[in-house]
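The values are calculated or read from the model by the stated rules, or taken from the named source; none is laboratory data. Computed from a predicted structure; not experimentally measured. Here the Cβ positions follow ideal geometry from the backbone for every residue, glycine too, while neighbour counts run over all protein chains shown. These area figures cover heavy atoms from the full protein model, side chains too; ligands, DNA and RNA do not enter into them. Shrake-Rupley method; radii C 1.70, N 1.55, O 1.52, S 1.80 Å.
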Amino acid sequence: MSTPHFPTPMHEALALAEQSIGLTEPNPRVGCVIVAPDGRVIGRGRTQQAGGPHAEVMALRDAAAWREIVHGATAYVTLEPCAHHGRTPPCCDALIEARLGRVVMALVDPFPQVAGQGAARLRAPASPSRKACLPARREN
């Protein structure tokens, strides 16, 4: 069995998610890295304590704090962005509003309130990243 191949930003996103172990329950541990079109990492985030911001929002905030423009950038996320209102608004809406060019996710969220809906909203005609919400590529 071969090991999945993920782009370097996904490795960084996975490392960020690991930093949230023991802090986010009952929420999943998620990491997000935003990469500018020129290849620079411009935002990093991980899920905060339950009820706090999710990884995607933290990465967008990080980019904003550095006055980086995320329009057209690629977000690498370890789990499909959420698509429901819980204690926080849907992460897919934050990514759509930020006008990212592409979202690459490692896993589709198995949680029934998401389960493909975040990816579908990112692909919707109103989303600038509508044809670019892709699962991370694996080599066999």
Task: Backbone HN-Hα couplings from phi across segment 16-26 [Karplus 6.51/-1.76/1.60, Hz, Gly and Pro as x] - done: 5, 4, 4, 5, 8, 4, x, 10, 9, 3, x
TODO: Please give the direction-averaged projected area of the C-alpha convex hull for segment 1-98, in square nanometres with one decimal.
DONE: 6.8 nm²
Open item on the list: Below 14 angstrom from the Cβ of Ala64, what's the summed charge of the other residues (Lys, Arg +1; Asp, Glu -1)?
Closed with: 0
Open item on the list: Expected output is a single nm value to one decimal: the length gained when fully extending between Arg67 and Arg99, i.e. 0.36 nm times separation in residues minus the C-alpha distance. What is it?
Closed with: 10.0 nm
Open item on the list: Tell me which trypsin sites (Lys or Arg not before Pro) from segment 1-77 have a DSSP coil assignment and no more than 12 other beta carbons within 10 Å of their own.
Closed with: Arg40, Arg67
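Tell me, in nm to one decimal, what length is gained between Leu23 and His84 on full extension, where the rule is 0.36 nm per residue of separation less the Cα-Cα distance?
Values: separation 61, 0.36 × 61 = 21.96 nm, distance 2.12 nm.
Value of the extension gain: 19.8 nm.
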Task: Accessible surface of segment 1-87, 1.4 Å probe, proportion on carbon and sulfur as whole % - done: 56 percent
